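Okay, so here's the structure we're looking at.
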């Protein structure tokens, strides 16, 4: 892996780890000003383009409502690196855990991320995120539970937690 490819992989790994750690400033710093987002294989609908700040805000309305998340990725493959743009592909297992009244449940999403990268001011940033879901285990209704928790001020890193 070239130095440039390693830098791209570091951005992707760091961004997903920062989502799990609720380090929103680090997440935002990994994103371009505008990000194309395609989770249609999981949720349906259409791909969207949004501001990086808007994407982070959407994750902040969801992720803290889980008692834990963990994005396991690898291997990370970089293609088409021309020094300005590149594509990063990695398999993912994203675990989302909720514990209510001592009962624990986990929703796991398996698939592949395809991320388009762009170099901005000598730094790689994520310009596009596509999730190609292959399967899920557990109940995706845990996402609704997490969203409701955050809306009610409960969750990791929130005052009502």
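The values are calculated or read from the model by the stated rules, or taken from the named source; none is laboratory data. The shown structure was predicted, so the numbers you read here are calculated from the model rather than taken from an experiment. Don't worry about glycine lacking a Cβ; one is built from the backbone with ideal geometry, like all the others, and counts go over all protein chains shown.
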Q: Restricting attention to region 1-56, report how many residues are within 12 Å of the chain's Cα centre (by Cα), assigned to a loop (DSSP other than H, G, I, E, B) and under 24 Å from residue 80 (Cβ atoms).
A: 2
(Q) Suppose we filter region 75-94 for residues that are surrounded by fewer than 18 Cβ atoms within 10 Å (Cβ to Cβ) and more than 14 Å from residue 5 (Cα to Cα); how many remain? (A) 2
Q | Residue list for region 135-147, restricted to those being in a strand (DSSP E or B) and exposed (fewer than 12 other Cβ atoms within 10 Å of the Cβ) | A | 135, 137
Q: Could you tell me whether residue 110 is out of contact with any helix residue (DSSP H, G or I) (no Cβ under 7 Å at 6 or more places or on another chain), surrounded by 13 or more Cβ atoms within 10 Å (Cβ to Cβ) and within 20 Å of residue 40 (Cβ to Cβ)?
A: yes
Q: Specify the residue that is modelled with the lowest pLDDT; the eligible residues are those in region 118-161 that are in contact with a strand residue (DSSP E or B) (Cβ under 8 Å, 6 or more places away or on another chain) and farther than 20 Å from residue 108 by Cα.
A: 120
**Q.** Matching residues in region 62-80 - criterion: being assigned to a loop (DSSP other than H, G, I, E, B), more than 19 Å from residue 131 (Cα to Cα) and touching a helix residue (DSSP H, G or I) at 6+ places or on another chain (Cβ under 8 Å)
**A.** 66
(Q) I'm checking my understanding of the structure. Among residues of region 113-122 that are surrounded by fewer than 19 Cβ atoms within 10 Å (Cβ to Cβ) and touching a residue at least 60 places away in the same chain (Cβ under 8 Å), which one is farthest from the chain's Cα centre (by Cα)? (A) 120
